[in-house]
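Here's the structure, in structure tokens; my notes come after.
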Amino acid sequence: MSSFGTILHRHLKELVFSSGPFSYLTVRKGRRSVNLFSAMERTRVFERMESETFDVMVIGGGITGAGIALDAVTRGMKVALVEMSDFASGTSSRSTKLVHGGLRYLKQFEIKEVAELGRERAIVYENGPHVTTPEWMLLPFHEGGTFGKMTTSVGLMVYDFLAGVKKSERRRMLSKEETIKRAPVIKKDGLLGGGLYVEYRTDDARLTIEVMKAAFAKGAAITNYAKANRFLYDSNLRAVGAEVIDRLTGDRFQVKAKLIINAAGPWVDSVRELDSSKMDKHLILSKGVHLVFDQSVFPLSQAVYFDTPDGRMVFAIPREGKTYVGTTDTFFEGNPKDMAITEEDRHYIVKSIHYMFPELSISEEDIESGWAGVRPLIHEKGKGPSEISRKDEIWESESGIITIAGGKLTGYRKMAQTVVDRAVRRLKEKEDKNFGPCITKNLPISGGDFGGAFRMRQVVKEMVDFAFDEGLSADETAEIVKMYGTNAKKVIGYSKGNSSTLPNGLYGRLLYAIYEEMAVKPVDFFIRRTGKLLFDISVVMKWKDEVVSYMASLFGWSEEERNSYMEELDFEILYATTAQ
Ligand SMILES: Cc1cc2nc3c(=O)[nH]c(=O)nc-3n(C[C@H](O)[C@H](O)[C@H](O)COP(=O)(O)OP(=O)(O)OC[C@H]3O[C@@H](n4cnc5c(N)ncnc54)[C@H](O)[C@@H]3O)c2cc1C
């Protein structure tokens, strides 16, 4: 093992035997027992997957698959989940990053969806307040705009009612002057006033990973970079498992399961094709782009949901010294992995900004980074991308594979409940076996063990005090605590005894990402575990060489592998900044 790796292992060994954040690790028969969702333990997860027969095998490690795995394992099922790339690398890291009820769907009279998503918002927040932050959203109205004062007021009131919003968070109507005070850069010409209502800001990838970690901690066998390649069938042509390819080594192995759930997001049709399933309904993909600006060029302290010249609605959201704006909504054909931010996308968003924030002299050169994702929508003939419903549907193939498609990040828990209810029925029919009821409504996700969201502020304060004693700056500590919630102590623990040239906080995050969040590649760390590539690209530029070298020595990469991981990271940097 390289010197870096040796040092790290020695360091970890010390931590294993120490108390504090690592005290839950146990040493059995001279060997560390595996309790960690670690990149170092993937082989052991594969061994387990190969040797057991699971009740449920989930294909897809986005928020939908993660939610299903957590629901199923907490009902007593034996669960395996495979993700062909990194967790959340599909749509679940490319959304508008809001846990929201979908105000605009009221325009389409999708009352049931709005009510359900609205109620789910509160549950997602309660179970993971470290990844879900209430955010007052401003809906300005102008002469001749989509909404007037009356429609905004009534619309928001209905929204509050449907979502069962608590009194302190119910909508408030603002005068023109109050609206300008909150968002001084907003278009003043024709401005009549605004409505204020609460949505929740999230980090979609971290939400997914926290749900995944919770499922793993409850006993699910989960791994990334493992692709379901073909299905296995019994003599009655019922699917009984899948051949899986480890995409890091090329090794193949078989996973046996009584039931398979296809949660492959934009790829659900490709997975159904592996099964030669008859497809009455299919997906249509719609691309959505977001662009990130520094607050020095787009100063905004108040999130705004605004009209565009073509009658759509776009968000501008302040976050960590940046403002991000989106989204576009255009049909997309092809492999979602090949998607790029086009000139047309950039024009559309910049034009929308000019329309609602005319005083800002923003140009395309000011774009700092961005991302594009595809919505997996269920095809509805004759409808444009923004008109198609975002609701989810469940299909079952003749071979017994259950597919879940459509839906929203916000509704992941409820979607999982519905699909696992069905799995329970199917398993009962098969072997007369009973499983417990769904318990995820009151189940904190990883890092969310505050004893109630209302206690978060106090716990965060306590942890900041604790970490300050550990030699981290107050700002850095606060950032870590807000991001990792009740797991922050572990991250801070890893930052102790930093043997690299990386800053302590980044070092702690890197080790935590590798040892407890299964980060395998530099892109996993910079995009899905920390979001740095999207919201603080300067950190990536400054530290990428050190991070790649560190990972290379830890994982024992050859020169060729190191270069290829660096190239992959550089490609993602280029991709995020093609906007420029
Ligand atoms: C632009 C945009 C904005 C959005 N904004 C919001 C928002 O603000 N709020 C909200 O609630 N929702 C939002 N959504 C919707 C939300 O992001 C999606 O509904 C959600 O992320 C879908 O998650 P998923 O797990 O179904 O799909 P994905 O996250 O794409 O996960 C599917 C996974 O399956 C894996 N996979 C595919 N094939 C295989 C295979 N053969 N073997 C193993 N793994 C496989 C893929 O690699 C992928 O990671 C938005 C969507 C977009 C595109």
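In the condition set (1) hydrophobic (A, V, I, L, M, F, W, C); (2) closer than 26 Å to THR530 by Cβ; (3) under 23 Å from the mean Cα position of the chain (by Cα), VAL304 is compliant with all but (2). Among the residues making up the range 272-320, a single one is within 13 Å of the ligand (Cβ to nearest atom), under 30 Å from SER361 (Cα atoms) and outside any strand (DSSP E or B): ARG312. Yes or no: the range 52-63 includes at least one residue that is in a loop (DSSP other than H, G, I, E, B) and over 16 Å from ALA221 (Cβ atoms). Scanning the range 52-63, I find at least one residue that is in a loop (DSSP other than H, G, I, E, B) and over 16 Å from ALA221 (Cβ atoms), so the answer is yes.
The helices (runs of 4 or more DSSP H) falling completely within the range 444-523 that include 2 or more residues that are within 30 Å of ARG562 (Cβ to Cβ) and of a type in the set (Phe, Trp, Tyr) map to 504-516.
Report yes if LEU103 is touching a Ser or Thr at 6+ places or on another chain (Cβ under 9 Å) and within 16 Å of the ligand (Cβ to nearest atom), otherwise no. Considered against the rule, which asks whether it is touching a Ser or Thr at 6+ places or on another chain (Cβ under 9 Å) and within 16 Å of the ligand (Cβ to nearest atom), LEU103 comes out as no.
Here VAL297 fits the description: closer than 30 Å to GLY195 by Cα, at pLDDT 90 or above and not aromatic (Phe, Trp, Tyr). Whether any residue in the range 323-343 is more than 29 Å from GLY195 (Cβ to Cβ), open to solvent by 20 Å² or more (accessible area, probe 1.4 Å) and more than 16 Å from the ligand (Cβ to nearest atom) is what I want to check. Scanning the range 323-343 turns up at least one residue that is more than 29 Å from GLY195 (Cβ to Cβ), open to solvent by 20 Å² or more (accessible area, probe 1.4 Å) and more than 16 Å from the ligand (Cβ to nearest atom). Of the strands (runs of 3 or more DSSP E) entirely within the range 125-213, those holding at least 3 residues that are touching a Pro at 6+ places or on another chain (Cβ under 9 Å) occupy 191-202. Only residues that are surrounded by fewer than 23 Cβ atoms within 10 Å (Cβ to Cβ) and either within 13 Å of ALA416 (Cα to Cα) or hydrophobic (A, V, I, L, M, F, W, C) (or both) were counted across the range 46-74, and they come to 2. Applying the criterion of being more than 10 Å from the ligand (Cβ to nearest atom) and closer than 20 Å to ALA519 by Cα to the residues of the range 224-270, the residue that is surrounded by the most Cβ atoms within 10 Å (Cβ to Cβ) is ASP246.
The values are calculated or read from the model by the stated rules, or taken from the named source; none is laboratory data. Predicted model only: the values in this text are computed from it and were never measured. A quick note on method: Cβ atoms are made from the backbone with ideal geometry, for glycine too, and the neighbour counts reach across all protein chains shown. Just the protein is used for accessible areas: all its heavy atoms, side chains included, with ligands, DNA and RNA removed. Shrake-Rupley method; radii C 1.70, N 1.55, O 1.52, S 1.80 Å.
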